[in-house]
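The values are calculated or read from the model by the stated rules, or taken from the named source; none is laboratory data. Nothing here was measured: the structure is a model prediction, and the numbers come from that model. No Cβ is skipped: glycine too gets one built from the backbone with ideal geometry, and neighbour counts run over all protein chains shown.
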Amino acid sequence: MGLDELELIRFSDEKEIEKFVGIESYTFPKYDGIGGIYKHSHKDFIVKEITKTGEILKHSDEDEWIRSDQDSNIYTSFILKKHNKDTFEAINLLGRALKVPRNKISYSGLKDKRSISLQKIAIKGDYGEALLNLRIPDISISNIQYSSKPIRIGSNKGNYFVITIRDIEKKANLKEFATKILDLISKYGFLNYYGLQRFGTFRPNSHLIGQYLLKGAFQKVFDEFVLQLYSSESENSRKVRKELRINNDLQWAYNNFPISLNYERMMIRHLIDNPGDFQGSTNRLPTSLIRLLISSFQSYLFNKMISLRVKRGYSVFEPVKGDLISILDDTNGDLTQVAYIYGNSFDPYLLKALKMNRAAIVAPLIGYDTDLKRFPFFEKLFNDLLEQEDFDVSIFNSVYFREFEFKGAFRAIMNKPNGLQIIDLTEDDRFSGKMKMKIKFSLKSGSYATMLLRELMK
């Protein structure tokens, strides 16, 4: 790809980044937001996993180790508390400190970098003693115990959040206005977009890389992953990428790209040893990252279809003819495969189930086994979307879809939080003359708190 095709992509604000990944509509567009900023400090964004039994994780400052006589075929699980680090970074640090391959470490979900977060982690093998003595800055370990199973993606029930919004303009009846918006969100929910974390907050291009991967356009994968510049990334990152674009010196790049750009260095190293083998350089990426790239492309399509639905004036609160409606399970309220197309004799029962929060309107996460005939309403939106995007349906026959078992699934188009409320509204101690608001709420696994904040703040 030539330099003229790899210009700097500039984002003046978060809204432009959101549009880039398909987030283009609001649930309640008639209401202004309260404004402000979040994540001014990582201490303003606290997230804790909720276990399947409904317990919110707690961190103990005292070292704990529930010892047990076990054979070597065990897992050592623990609660990881991290400050201002993303999950991948924390796992890499753990792996290096314990000399454990990354694929031996399992977790339930990715947590925001700019936060204080608590999550369950498991390592295959007996690492109780090593974890007890482990010291890594901004990372602490507690509740060390043995288990017979790893931790699976999505195995937690959800996440509990305590978030402080700062730099809010003082307005008359601010609390009443914010409470009204929060009440609407509690009652009706908010658009269940995949948030920016899914695509990369500073380089929001994982969906593009995923698309090129599925197309088998491996040089484009390299160009987008390594060479493309984004105004939202760090100046140092842009500087080294730009220099490589100019001098085309892979050895220079390998020697000068910072360690933080480890994946880029892996791809570059492969091309130094195997000139022109862009497919091989792509395959140097860990399987967990390749899965994430493919999943990001699915997520982008989901976001675009939801945005298109809203733009065309269709309700997200009430079903329309051709909507697929999933019945929720009795235990956790999760989606089930028991689903019906709206627009037939079952409609009265489906409307009642939706009103009782026992059902949800869903949209497809398209995979190689997806039958779009099962989603008559979204099938038309998807076909319209194909005319706007640079790919066709053959992309879903990619060997990567099958190798990583992306059969396809569906996701609710709306998301309802639990326990959403204001717990504090006071003068802001960081921004003179402004207000700060602290809120708390819980969301199911796979949901994005930032999308709720987006609706409140606008």
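Go through (1) under 26 Å from GLY22 (Cβ atoms); (2) of a type in the set (A, V, I, L, M, F, W, C); (3) in contact with a helix residue (DSSP H, G or I) (Cβ under 6 Å, 6 or more places away or on another chain); (4) buried (at least 19 other Cβ atoms within 10 Å of the Cβ) for PHE218 and report which single condition fails.
The failed condition is (4).
Kindly list the number of the only condition in (1) closer than 30 Å to VAL221 by Cα; (2) in contact with a His (Cβ under 7 Å, 6 or more places away or on another chain) that fails for LEU118.
Going through the list (1) closer than 30 Å to VAL221 by Cα; (2) in contact with a His (Cβ under 7 Å, 6 or more places away or on another chain), LEU118 breaks only (1).
Regarding LEU335, is this residue in contact (Cβ under 8 Å) with a residue 60 or more places away in the chain, among the hydrophobic types (A, V, I, L, M, F, W, C), within 19 Å of LEU191 (Cα to Cα) and in contact with a strand residue (DSSP E or B) (Cβ under 9 Å, 6 or more places away or on another chain)? Spell out the reasoning first.
Working: in contact (Cβ under 8 Å) with a residue 60 or more places away in the chain: yes; among the hydrophobic types (A, V, I, L, M, F, W, C): yes; within 19 Å of LEU191 (Cα to Cα): yes; in contact with a strand residue (DSSP E or B) (Cβ under 9 Å, 6 or more places away or on another chain): yes.
Yes, satisfied.
Looking at ILE144, ILE116 in this structure, which one is surrounded by 19 or more Cβ atoms within 10 Å (Cβ to Cβ), touching a Lys or Arg at 6+ places or on another chain (Cβ under 7 Å) and of a type outside the set (Gly, Ala, Ser)?
Working: ILE144 fails: touching a Lys or Arg at 6+ places or on another chain (Cβ under 7 Å).
The match here is ILE116.
Go through segment 11-59 residue by residue and tally those that are outside any loop (DSSP other than H, G, I, E, B) and of a type in the set (Val, Ile, Thr).
Residues of segment 11-59 outside any loop (DSSP other than H, G, I, E, B): 14-20, 37-38, 42-50, 56.
Filter once more, so that each one left must be of a type in the set (Val, Ile, Thr): 17, 37, 46-47, 50, 56.
Number of matching residues: 6.
For segment 276-373, give me every one of the helices (runs of 4 or more DSSP H) that falls completely inside it and has 2 or more residues that are touching a helix residue (DSSP H, G or I) at 6+ places or on another chain (Cβ under 8 Å), among the charged types (D, E, K, R) and surrounded by 14 or more Cβ atoms within 10 Å (Cβ to Cβ).
Values: elements: 278-283, 287-311, 347-355.
Fully inside segment 276-373 and qualifying: 287-311.
Conditions (1) within 27 Å of ASP32 (Cβ to Cβ); (2) over 20 Å from the mean Cα position of the chain (by Cα); (3) modelled with pLDDT under 95, marked per residue:
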{"site": "SER147", "(1), (2), (3)": "no, yes, yes"}
{"site": "ARG152", "(1), (2), (3)": "no, no, yes"}
{"site": "ALA172", "(1), (2), (3)": "yes, yes, yes"}
{"site": "PHE202", "(1), (2), (3)": "no, no, yes"}
{"site": "VAL240", "(1), (2), (3)": "no, yes, no"}
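Given the condition part of a helix (DSSP H, G or I) and of a type in the set (Phe, Trp, Tyr), answer yes or no: does some residue in segment 400-413 qualify? Working first, answer last.
Taking segment 400-413 as the starting set, the residues that turn out to be part of a helix (DSSP H, G or I) are 400-403.
Adding the requirement that they be of a type in the set (Phe, Trp, Tyr) leaves 400-401.
There is at least one residue in segment 400-413 that is part of a helix (DSSP H, G or I) and of a type in the set (Phe, Trp, Tyr).
If we keep just the residues of segment 103-120 that are hydroxyl-bearing (Ser, Thr, Tyr) and in a strand (DSSP E or B), which is farthest from ILE290 (Cα to Cα)? Steps first, answer last, please.
If we filter segment 103-120 for residues that are hydroxyl-bearing (Ser, Thr, Tyr), which is where we start, we get 106-108, 115, 117.
Retained after the next criterion (residues that are in a strand (DSSP E or B)): 106-107, 117.
On the way: SER106: 16, TYR107: 17, SER117: 25 Å.
Out of the qualifying residues, it is SER117.
ALA360 passes all but one of (1) under 21 Å from PHE404 (Cα atoms); (2) under 23 Å from the mean Cα position of the chain (by Cα); (3) in contact (Cβ under 8 Å) with a residue 40 or more places away in the chain; which number fails?
All conditions pass for ALA360, except number (1).
Would you be able to tell me the number of residues in segment 414-458 that are outside any strand (DSSP E or B) and not aromatic (Phe, Trp, Tyr)?
The initial filter retains those residues of segment 414-458 that are outside any strand (DSSP E or B), namely 416-417, 428-434, 445-458.
Checking the rest, the ones that are also not aromatic (Phe, Trp, Tyr) come to 416-417, 428-430, 432-434, 445-447, 449-458.
The qualifying residues number 21.
Considering only residues that are free of Cβ contacts under 8 Å to residues at least 24 places away in the same chain and not in a loop (DSSP other than H, G, I, E, B), look in segment 263-275 and name the one that is surrounded by the most Cβ atoms within 10 Å (Cβ to Cβ).
HIS270
Grab the helices (runs of 4 or more DSSP H) fully contained in segment 121-221, keeping just those with 3 or more residues being within 30 Å of ILE423 (Cβ to Cβ).
Working: elements: 128-132, 174-188, 206-215.
It comes to 174-188.
Starting from segment 184-199, keep only residues that are touching a residue at least 24 places away in the same chain (Cβ under 8 Å), then list their pairs with residues that are among the basic types (Lys, Arg) whose Cβ atoms are within a distance under 6 Å, requiring at least 6 positions of separation or different chains.
Listed by first residue and then by second, the contacts come to GLY189/LYS416.
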